[in-house]
Amino acid sequence: MLEAKVEITLKKTIADPQGLTVKHALEALDYGEVEQARIGKLVTIRLDTDDMPLAEKRLDEMCRKLLANPIIEDYTFEIKEI
Amino acid sequence: MIENTGAIDKDIYRALGLRDEDYRRIIRILGREPSPTELAMFSVEWSEHCGYSRSRSLLKKLPRKGRYRVLIGEDSGGIVMGDSAIVFKMESHNHPSQLEPKQGAATGVGGIIRDIFTAGARPIASLNSLRFGPLSEPYNRYLLKGVVDGIQFYGNCLGVPTVGGEVYFDESYSGNCLVNAMSIGIARKDKLARARAQGAGNSIIYVGSSTGRDGIGGCSVLASQEFGEGDEKRPSVQIGDPFTEKCLIEATLEALSRGGIVGIKDMGAAGLTCSISEMAFDGKAGIDADLDKVPRREEGMEPWEVMMSESQERMLVCVKKGREDEVMRIFHKWDLNAVRIGEVTGEKVVRIRNKGRIVAEIPPDALADAPIFKMSSKRPAGSGRIKRLNARKLPVPEDLNKVFTKLISSPTIASKEWIYRQYDHMVQAKTISLPGSDAAVLRLEGTKKGIAAATDCNGLYCYLDPYRGAQIAVSEAARNIACSGAEPAAVTDCLNFGNPDKEETYWYFENAVKGIADSCRFFGIPVVSGNVSFYNESPKGPVYPTPAIGMIGIIDDTARLCTRGFKNEDDIIILFGETKEELGASEYLKEIHGVVRGPVPEINLEREKRIRTAVLECIKKGYLNSAHDCSEGGLAVAVAESCFGDGRRILGAVIDNLKEKIRLDALLFGESQSRVIASANKIMFNQVRKIAEKEGAPVTVIGRAGGRRLSIFRGQRKVVDVPVKSLYKTWSLSIEKRLERGS
Amino acid sequence: MRFAIVVFPGSNCDRDCHYAANKVLGEKAVFVWHKAKRFPDADCVILPGGFSYGDYLRTGAIARFSPIMKHIVDFAGRGGLVIGICNGFQILLEAGLLPGAMLRNSGLRFICKYVHIKTENASTPFTASCGAGRVLEIPIAHNEGNFYIDGKGLKELEENGQIVFRYCEADGKVTKKANPNGAVSNIAGIVNKRGNVLGMMPHPERASESALGSEDGALIFKSIIDHAGKR
C-alpha cells in the first residue's frame, strides 16, 4: 500500500486574495514577520499497489488530468510506503 | 429475544439526561433493565429536543384554523391553496452555531430543508432569523461572518434561494447566538408524503450519506444543556454536505413521483433512533432493523453509536414490498447510498439487531411517549419595575440629525446588504421582490398568485412584556406581509428561551405562547408547524425570550406586488395609524440614551387588523406605490428606508405634516405599533381615504417624496435635514465597516 | 427549434433555463442527463448554472469528465451551438472548449446582484439580437467568476473578437468599479474562435421576464432562436 501527498498551489503569477487576507490577519495578530502567505490544497491518496515507478507515472497523469488545472495551478507530490 | 443485561449505573443514565423516575419507568415498560442501546434510544427520544417534555402541553393551545385548509404532518406543516400544498417550517440550530458558526448554520439549513422535501414538497425558498451579540466584540463578528458563510455555502449549493429574514444585535445574545432557519416548499396537494412506516412486509430503506460518529448525543447532551464556563461538553459538530443533499432532493422527488413509497422521514436529531421509532409509532406498526446493513464511515462503532449518530443528509424510506429495486435504482442513479436495512412488522415493536444479536426491543409507543413535565412558572422579580420609564429624566437631544444618523447606522437597523448579497436569492426564477422590502415574494408559475414570507420578533419587547411582545411579533409579521400586497395565511414559529426549569424563564415561555395563540386566533392565522429551543443561556444568563414568528401570505395577483421604496418624485407620503408618545423599549432609547426599559408600545389587535386591512385593500386596488411598516427606529427610520428602497433608485422626502403633539424624539423614533408609511400619486388619496374610513383606520398625508434631502419639520421648524444619498451610504455600509474594522 | 439542457448532479438552473426557453420563448426544450446514452437532436445545447459535483476540487473540474461531454465536444465540432451559463461556463473552460480558467472572486465572497454588461461583439449567434454596444441588465450569482487568461491569450481573444460581454456601468463605460469579481479585462462572457460556443457568467434565464427585474436576457435566447431558424 502506498500513500501519496499531492500539493496543489496557484501559479506564482496568479493573484491569491485568500493568501493576502491570511497575511493581513496574521499581521493583525502581531506576526509582522509574515512576508507572504499562499493558500493551496493537499490531496492525500491511498494507492492499492506496491509498484512505485508505475504509481508515480499514473499519479502524475491524475494530477495533470484532474487534480490540478495547468492553466492556473502547479503541483508536486511525494509517495511513500505505508 | 434480547439478552438480559445488568442494572445500569445511576451516573450513566443521569449523564444521558434521564431522571430516576424516567429510568424506573423504562424498567416498568420493558419488564427488565434496558440494554445500553435501549437506554441511549430512550434518552434521546425522551430528551427535551425530541420529546418536548416541557412544552408539548402548552403548544397544544396554538390555533390551527384559518382561511386555508391546514396540513399537519409528522415533521412539518402547511396549507392547501387550490391544487397546491405550501409546506413550511422554522427550526433552530443555536448551540452548534455558537460553537462552529459555519457548519452549525449550514447543517441548520440542511436540516430544515430535509423536513420540507421529505414531505414531498420542492423547497423553493429559505429565510433566516438571526441574533448576535454586539459587533464590537470580536467573537460576535466571527459568528456573524461564519453563520452567513454557512447559510450561503449550503443554501446556494442546493439551489434554494435565501430570500429574506432578519438580524438583531443585542448584548443579551452574546454567548448564545440564535440561528433560526425557515424553509418553504411547494407540492401538488395529492402528492404529499407522510413520515410513517406501514404494511407488514414492506421494506425499510436507508438512503444518503454514510453514518459516522457525528454529533453523538448532540441531542440529549447539546441541546438540553446550557453552555458552562468550561465548555467541556464540546461535542463533535456535524459537517454539512450540500451536494449530497441536492442529489437527495432530486432523487427523493423523483422517487415520490414514481410511487411505491409508503413513507419517508429525515434522520434529524437522534438520527436512526428518531426516524425508526417515530415512523413505527406514526404508522402504528413495528420495525425490525439490522445495523450491520447500515453504511458506515467509521470502524468499530457500537450499536448505540450507530443509533444516536447525527450524521447529516440521511433519510429513512418505507417502500412497498416488491418495489425496492425500482426505488433504490433512482437513488443509485444520483450516486446515493440506498440500502435495505429492515422491514415493517405487524408486531408493535422496534427491534434493532447488531452482529446477529438483538440489542434493542422497545414498543414504539413507549419511545414516542416522552414524559410530560409539570412546569412551574413565576413572574420574575422586578418585571413590573422595568416597565416603568421616567421620560422626564431623558432630555430630547439638541442635534437630531446626529442622533438620526447614529440610529440608522446601528447594526439592528442598518442595511443587511452585506449579508444578503452573499445569498443567491434569485435561483429558481421565482423571486419577484428583491431583498430590501418588507416581505420576500415568490411567484407561482402558471398562476397569477404569489407567496409572501417574513420573519419577525423583537426580543427586548418580549423580555419586558412577553405576552405583548409575542402579540407584536405576530402583528408585525402580518403587517410586513400585507405591505407586500399579500393576505397573511399561516405561521410557523421558533421559540427560543433559556432554561425552562427556572421558574422565571418558564413564565416568559408561557406568556409568549399565550401571546402567539391569542393574536393568531384573533387574526384567524393558524400555527401549522414550529420548533422549541430551550437552554439558550450563557454564564451571563438567558437570552431575551425570543419567540420568532415565520409567516407566509398569499398574493392573489402578483401584478399587484407592492414594495418598500418610494417610486416617483412628488408622490405623497401617507401615514396609516397614529404615533403615540411611546419611547419605551425602543432602539432609540437603547442606542442613544443607553436605557433599556420601559413599557412596550401598546398593541390593540382590533386596531391593528383594521389598519392592516385598509393598507392591503389600497394595495390590491393599485392605489399605493409603496408600503413599509414602522418598526425599530420608528417613523423617521421607516421614511428613510422608503427613500432608500432596494438601493437602485434613491429619492429624498419632505415630511412636514406630523400632527401629534408629543415629545419630538417619540414622534420621530418611538416605536408605536400598527403604523405603515406608504406613498401614492396624490390623485389617489381620496380613494385611499375612503377605504381607510370604511375600515376605521386613521390616515394622514404627512409629506411628499422627492428631492435630494430627507427633511422633517415640526410646524415650521426643520428638525431633521440630511442629504439622502449620504444617509443611504451610512446605512448601507455600516455593517461592512464594523466587520472590517477587525480588532 | 430545440434546446437540449444538460443536467449534471448538482445543476440548479436547468429548470429555470427550461422555463425561459419553453414557457417564455415558446421553443422546444428537453433535459439531457449527464450519463445519457444517446444525445438528442438539438439546435442548441445549454450547460446551466449550479454547483455540479458540489464544485468540489474545482468548479467544473469533475463535470467536465461526465460521459455527456464527449457528445458535446462532437456537437460543437460539427458547428452546433453551445451556451454555458455560470457553472456551465466553468465546465466549458475545464473541458478546454473555451480558453482560460476561472478563479475565486477577488472579494472572496459569493455575489448575487444585478449587473450591467456591454455587448462587445454582436456578430455571434448569441448576440445578434442584442446589437453592438448594447448594455444589458442581467444578474450574477457566483463565488468563482474571476475569469483569468494570460497576456498572450487575452491578446488573442481581443484580436479575434472573442470577448462577447464585459461588465460595465449603466451607461456602458467599462470601469474597475463595474467589475464585480476581478475578472481580467472585465470579461463576463467569451466565445470560441469558431463562434459557436459561448460561456457567460451572468444568468440570462433569470432576466427574461420583466416580473423578475429585466427582459434583457431574452435577447440572448432570441438571438439563438433566430440563428437556428435561419439554418
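Structure data summary
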item: Check on C:Glu215, closer than 17 Å to C:Gly131 by Cα and within 14 Å of chain B (Cβ to nearest Cβ); result: yes
item: Filter result for the condition that a residue is over 32 Å from the mean Cα position of the chain (by Cα), among the charged types (D, E, K, R) and at pLDDT 95 or above, over B:Arg379, B:Arg392, B:Arg351, B:Arg421; result: B:Arg351
item: Residue count, the range B:602-634 (criterion: in contact with a strand residue (DSSP E or B) (Cβ under 7 Å, 6 or more places away or on another chain) and either buried (at least 23 other Cβ atoms within 10 Å of the Cβ) or basic (Lys, Arg) (or both)); result: 11
item: In the range C:1-53, the residues that are in a helix (DSSP H, G or I) and touching an Asp or Glu at 6+ places or on another chain (Cβ under 8 Å); result: C:Asp16, C:Cys17, C:Tyr19, C:Ala20, C:Ala21, C:Lys23, C:Val24
item: Filter result (within 14 Å of chain B (Cβ to nearest Cβ) and among the small types (Gly, Ala, Ser)) within the range C:127-159; result: C:Ala141, C:Gly145
item: Helices (runs of 4 or more DSSP H) (entirely within the range B:405-510) containing at least 2 residues that are away from chain C (no Cβ under 14 Å) and in contact (Cβ under 8 Å) with a residue 40 or more places away in the chain; result: B:459-464, B:466-483
item: Failed condition for B:Ile113, given (1) under 19 Å from the mean Cα position of the chain (by Cα); (2) in a loop (DSSP other than H, G, I, E, B); (3) of a type in the set (A, V, I, L, M, F, W, C); result: (2)
item: Qualifying positions in the range C:106-126 - without any contact (Cβ under 8 Å) to a residue 24 or more places away in the chain and either within 14 Å of chain B (Cβ to nearest Cβ) or not in a loop (DSSP other than H, G, I, E, B) (or both); result: C:Leu108
item: Looking only at the range C:204-215, and only at residues there that are buried (at least 20 other Cβ atoms within 10 Å of the Cβ) and part of a helix (DSSP H, G or I), the one that is nearest to the chain's Cα centre (by Cα); result: C:Pro204
item: Residues located in the range B:164-192, provided they are surrounded by fewer than 24 Cβ atoms within 10 Å (Cβ to Cβ), of a type in the set (A, V, I, L, M, F, W, C) and touching a helix residue (DSSP H, G or I) at 6+ places or on another chain (Cβ under 7 Å); result: B:Val167
item: Failed criterion for B:Ala414 (all others in (1) surrounded by 22 or more Cβ atoms within 10 Å (Cβ to Cβ); (2) closer than 19 Å to C:Glu215 by Cβ hold); result: (2)
item: Test: residue in the range C:192-202 that is closer than 25 Å to B:Lys430 by Cα, within 13 Å of chain B (Cβ to nearest Cβ) and part of a helix (DSSP H, G or I); result: no
item: Single residue of B:Arg64, B:Arg14 found to be farther than 26 Å from C:Arg15 by Cα, surrounded by fewer than 24 Cβ atoms within 10 Å (Cβ to Cβ) and either among the aromatic types (Phe, Trp, Tyr) or out of contact with any strand residue (DSSP E or B) (no Cβ under 9 Å at 6 or more places or on another chain) (or both); result: B:Arg14
item: Residue that is farthest from the other protein chains (Cβ to nearest Cβ), among those in the range C:35-84 that are surrounded by fewer than 17 Cβ atoms within 10 Å (Cβ to Cβ) and in contact with a strand residue (DSSP E or B) (Cβ under 7 Å, 6 or more places away or on another chain); result: C:Asp41
item: Some residue of the range B:276-291 being within 14 Å of chain C (Cβ to nearest Cβ) and surrounded by fewer than 23 Cβ atoms within 10 Å (Cβ to Cβ); result: no
item: Residue list for the range C:85-105, filter: in contact with a Gly (Cβ under 8 Å, 6 or more places away or on another chain), touching a residue at least 40 places away in the same chain (Cβ under 8 Å) and either within 11 Å of chain A (Cβ to nearest Cβ) or under 18 Å from C:Glu158 (Cβ atoms) (or both); result: C:Gln90, C:Leu93, C:Leu98, C:Pro99, C:Gly100, C:Met102, C:Leu103, C:Asn105
item: One residue from B:Arg114, B:Arg69, B:Arg131 being touching a strand residue (DSSP E or B) at 6+ places or on another chain (Cβ under 8 Å) and without any contact (Cβ under 8 Å) to a residue 12 or more places away in the chain; result: B:Arg69
item: Test: residue in the range B:89-109 that is within 28 Å of B:Pro161 (Cα to Cα), touching a Lys or Arg at 6+ places or on another chain (Cβ under 9 Å) and hydrophobic (A, V, I, L, M, F, W, C); result: yes
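The values are calculated or read from the model by the stated rules, or taken from the named source; none is laboratory data. Note that the coordinates shown come from a computational prediction; the quantities given were computed from them, not determined experimentally. Glycine also receives a Cβ, built like all others from the backbone with ideal geometry; neighbour counts cover every protein chain displayed.
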